[in-house]
Structures are given as structure tokens and as C-alpha cells.
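What follows is a single structure, written as C-alpha cells, with notes after it.
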Amino acid sequence: MTLHVDLLLTNIGQLLPMRSDGPRSGKAMQELVVIEGAVLGIKAGEIAYIGTDDSEVTADTIIDCEGKLVTPGLVDPHTHVVFGGSREHEMALKQQGVPYLEILARGGGILSTVQATRNATMEELYEKASFHLDRMMTYGTTTVEAKSGYGLDRETELKQLKVAKELQENHQIDLVSTFLGAHAIPQTHKENPEQFLEEMLALLTEIKEQQLAEFVDIFTETGVFTVDQSREYLRKAKEKGFRLKIHADEIDPLGGTEMAAALGATSADHLVGASDEGIRMLAETGTIAVLLPGTTFYLGKSSFARAREMIEQGVTVALATDFNPGSSPTENLQLIMSIAALQLKMSPEEIWNAVTVNAAYAIGRGEEAGQLEIGRKADVVIWDAPNYLYIPYHYGVNHVNKVIKNGKLVAERMGIRD
């Protein structure tokens, strides 16, 4: 019986379907099914056919992939894409060795972004974030997590979340929203951070009613929020029905990784200073480690997260850009894949699992994104590469040939299509 589809991709050199019943951890991250000489059919925005024989398939449109690599759209599970302003002027200060606290005192750092975000209108934030999402899409990313956290007050945090919701409704990329009101301690609450956390918790009912976020996150680090403060904050958020994330142990091993695992957080992110016990608990509980090597690279740090030990102990590892104006100003998840290979010593197979299947599960989209399977939405990337090894190997450039989102061609060699 002949199958008719809207779009047929033929002459695929390598197809990575990335099919999985759940997130992949430990040795399973080495598993990678590769279909040579594949054919992929798309109908009504969904995958309708995967095979190696197109003799029984007809199509309205055919794309000859000319032996190129084809994969699911990439998933970026940790970004701060909605923000105002920019901080390029701080790079020279950092190069001169000016301490971050002094940059803060000069009006820079996160407080600079907070002020710019407070001053920006919703329309300005929407246009700026849309620009960055467009760029992410040209790099092959089709699903993105978006955090608030540059308001540190009721009005601006809600403004960021409402912008993210509008983008989810209108932009071609799928967005998953996270409330990160507890991103830093504002100057007005330096002596009483608990009061600030109570003010952020007071927003959760409104956020839930307006469906502005699925996850709640907090920055647990020296000089920000303690493990005890974070535990109580996240516990209350969980009681309100939110899923949990945490910025944990980015610099100092405070125990945030252990806390995330104990609370059943969906993911714990950063983890450069994660302890041996924290790594063991991640493996035991299934909390996903979202690693952000681009941040470590950009800040000039010598110690990266211990990805090899995590994987060898059975942890589920995902990768993300941490796109933000202060510590990782890049929309390019392909670059993160290369840094993961060079600095985290992850294999190509592990990297592909980390930016598709595992990244999708890290933001609650494991059943929708990160895999090519009949009946799933057709988020597909055709790469200017002969095989999957090539993408992390050839770094610093954009390998995307075409991006297909929900069955429609949306980006092609750096261009955005309406």
C-alpha cells in the first residue's frame, strides 16, 4: 500500500532517530542507532515514515539530502533568553582581573542586567528574545528552556514570564518556562534574604494560575542562597505543584547536588563543584545533570564538571548553552558540543544523547522532543556533515543545512523562513 506524505527526505547518509523509552544514563549514553541510506517521511507536521526503501512512498515535496547527516532538532535545557541590555563592556574588566564584586559595585554584573530588564517594555523584551531564538534555530535548536530571574521583583519577574509565554505561543521554537526569581539577592534585601524568598514564593499562586512556568529554580551558591534556604524554598514550590530545578555547586561544593537529588528535582545544573556523594545520589535518584561547559570556558575557569565520572557512575547527563548576557553569551549549542568533547571528554555518542533525548527529559519534554519516531512532531535537522562524528569535531562554525520544525522548513543555511 502506497503512503503519501507532505515531505520526503531521501538519500540520507546517516539518520539518528535517537529513539529511547526514557533518559539515557551511564553506559547507555554510548548507545546510538545509525540508519545508513535512510528515508524519512513527514505528514501533517509529524513523522510518518522511517526506513531505507522509498518505493512505496509518494510525496508533495522531496528533499534529496545528498548523503548528509539527519537528526532530531537539538534541545537546549538551560537558557536565560529573556533579558534586557548587554554586558560586552565587562569583558575588558574581567581580562584586567577586576573582581566580580568590584564590577557589581560599578553597576555591572547581574545587577546591570536586572536594571536593564526592569527598564525594558514587554515589547522590547519580546523582540530581543525573539532575535536570540531565531539565531538558536539557525544552529539547529528547536526546543528551549527559558528562565526568568533578571527582575528580582514581582513586576519584572512576571513580565519576563509573560514574554516567555507569548514566545511559546507565537515563535516557531518550543519554549519551556522556568521561574528563577531566586537568582540573586537584590540590594534591598541583602540583610534579609529570607524575606526576599518569601516574596518570590508569594508569586507562585499567580504563576500557576496564569500558567506562566512549569519549573521553579534557585541559585544555591556561596554569597547567594544557602542549601537550607534553597531546600525550604524548593520544598514549598513543590507543594504548589511545580517541578524543580537548581543552579547547584557551580563554584563551591555546598551540597546543592545532594539536596536536588533528595528533593527529586528534575535536574541539577552546573555541578562543577559537585561532590562524590552528590554524583552518587544523582545516579541513584535519576535527577538529570545539566552541564554548562560554555560557562566554564567563557569565565576562563580551569576546572570543568566531572562528566566522565558522572557517566561512569550511571548519571544521566544533558548539555546546555546557559545562554545569558554575563557568563555564556552564545546561542550556539553546536559549540557546546565541541567543548564537551574537548574539555568534558565526552564521546560523540554521549554528546548526541545529551543534546537530544536527555536534554528533552531535563525539561519535561521527553515524550515530545529529542527523538524521531512515527507519530512524534517532525523537528528535524539536515546537517552539512557526512556523519555524526563531524559536528563536535569541526568546531566554531554552523553545520546546519536545513531546519524543519513541526514539518515545515523554518531555517536554511543561516536564513530564517516565515
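The values are calculated or read from the model by the stated rules, or taken from the named source; none is laboratory data. Remember, predicted model here, so these are calculated numbers, not experimental data. Reconstructed Cβ throughout: ideal geometry from the backbone, glycine too, with neighbour counts over all protein chains shown.
Taking the condition under 16 Å from Gln14 (Cβ atoms), of a type outside the set (A, V, I, L, M, F, W, C) and in a helix (DSSP H, G or I), does Pro386 pass? The answer is no for Pro386. Filter the range 208-225 down to residues that are crowded, with 23+ Cβ neighbours inside 10 Å and more than 24 Å from Leu254 (Cα to Cα), then give me how many there are. Counting residues in the range 208-225 that are crowded, with 23+ Cβ neighbours inside 10 Å and more than 24 Å from Leu254 (Cα to Cα) gives 1.
Among residues of the range 280-296 being in a helix (DSSP H, G or I) and in contact with a strand residue (DSSP E or B) (Cβ under 8 Å, 6 or more places away or on another chain), the one that is modelled with the lowest pLDDT is Thr295. Inside the range 192-207, residues that are surrounded by 12 or more Cβ atoms within 10 Å (Cβ to Cβ) and not charged (D, E, K, R) make up a count of 8. Scanning the range 21-49 for residues that are touching a Phe, Trp or Tyr at 6+ places or on another chain (Cβ under 9 Å), over 16 Å from Ala289 (Cα atoms) and part of a loop (DSSP other than H, G, I, E, B) turns up Leu32, Val34.
Name the single residue that is surrounded by the most Cβ atoms within 10 Å (Cβ to Cβ) among those in the range 38-64 being touching a strand residue (DSSP E or B) at 6+ places or on another chain (Cβ under 6 Å) and of a type in the set (S, T, N, Q). Within the range 38-64, the match that is surrounded by the most Cβ atoms within 10 Å (Cβ to Cβ) is Thr58. Looking at this structure, is Thr188 farther than 22 Å from Ile336 by Cα, surrounded by fewer than 20 Cβ atoms within 10 Å (Cβ to Cβ) and β-branched (Val, Ile, Thr)? Against the criterion (farther than 22 Å from Ile336 by Cα, surrounded by fewer than 20 Cβ atoms within 10 Å (Cβ to Cβ) and β-branched (Val, Ile, Thr)), Thr188 qualifies. Only residues that are over 19 Å from Glu412 (Cα atoms) and either outside any loop (DSSP other than H, G, I, E, B) or modelled with pLDDT of 95 or more (or both): list them for the range 50-78, please. Of everything in the range 50-78, those that are over 19 Å from Glu412 (Cα atoms) and either outside any loop (DSSP other than H, G, I, E, B) or modelled with pLDDT of 95 or more (or both) turn out to be Ile50, Gly51, Thr52, Val57, Thr58, Ala59, Asp60, Asp76, Pro77, His78. Scanning the range 1-37 for residues that are surrounded by 17 or more Cβ atoms within 10 Å (Cβ to Cβ), under 23 Å from Arg308 (Cα atoms) and not aliphatic (A, V, I, L, M) yields Ser20, Pro23, Arg24, Ser25. Would you confirm whether any residue within the range 229-238 is touching a Pro at 6+ places or on another chain (Cβ under 9 Å), in a helix (DSSP H, G or I) and surrounded by fewer than 24 Cβ atoms within 10 Å (Cβ to Cβ)? For the range 229-238, residues touching a Pro at 6+ places or on another chain (Cβ under 9 Å), in a helix (DSSP H, G or I) and surrounded by fewer than 24 Cβ atoms within 10 Å (Cβ to Cβ): present.
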